[in-house]
Amino acid sequence: VQLQASGGGSVQAGGSLRLSCAFSGGAFSSYALGWFRQAPGKKREFVATISWGGGSTTYRDSVKGRFTISRDNAKNTVYLQMKSLKPEDTAVYYCAAGRRAYAAKSPSEYAYWGQGTLVTVSS
């Protein structure tokens, strides 16, 4: 399995970005997908996750109402729509996949990881 994240960039506070993560090398619909982020000097933290069919999503509290995770099983792609961005959202964002990672917030539940895409939010 390979994951390729894209869509990062630099925006001002209040702006929006949509991250994409292309999945290949496996049965996409058999994997739960997640987004994590890591700011400089900090531990990697959970952002959002979506179930195999897309019917269940889970978010960290600080992004609820601003971020939306979705997946397109026909395109083997997972997305993270980010709105009302804040400087504290600045981080490298990683997508991850796991067969048993239903509603999982721990990185250890995900077997496969993308390379990360940088999001910078300026005030």
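The values are calculated or read from the model by the stated rules, or taken from the named source; none is laboratory data. Given the structure is predicted, the values throughout are model-derived calculations rather than measurements. Every residue, glycine as well, gets a Cβ built from its backbone with ideal geometry; the counts of neighbours run over all protein chains shown. Surface areas here come from the heavy atoms of the whole protein model, side chains and all, with no ligands, DNA or RNA. Shrake-Rupley method; radii C 1.70, N 1.55, O 1.52, S 1.80 Å.
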| task | For the chain, report the accessible area per residue in Å² (1.4 Å probe, heavy atoms, rounded to an integer). | result | 49 Å²
| For segment 15-123, which GluC sites (Glu not before Pro) are both in a DSSP coil and crowded by at most 12 other Cβ atoms within 10 Å? | none
| request: With the full set of protein chains in place, find how many percent of the accessible area of the chain is carbon and sulfur; take the probe as 1.4 Å. | output: 46 percent
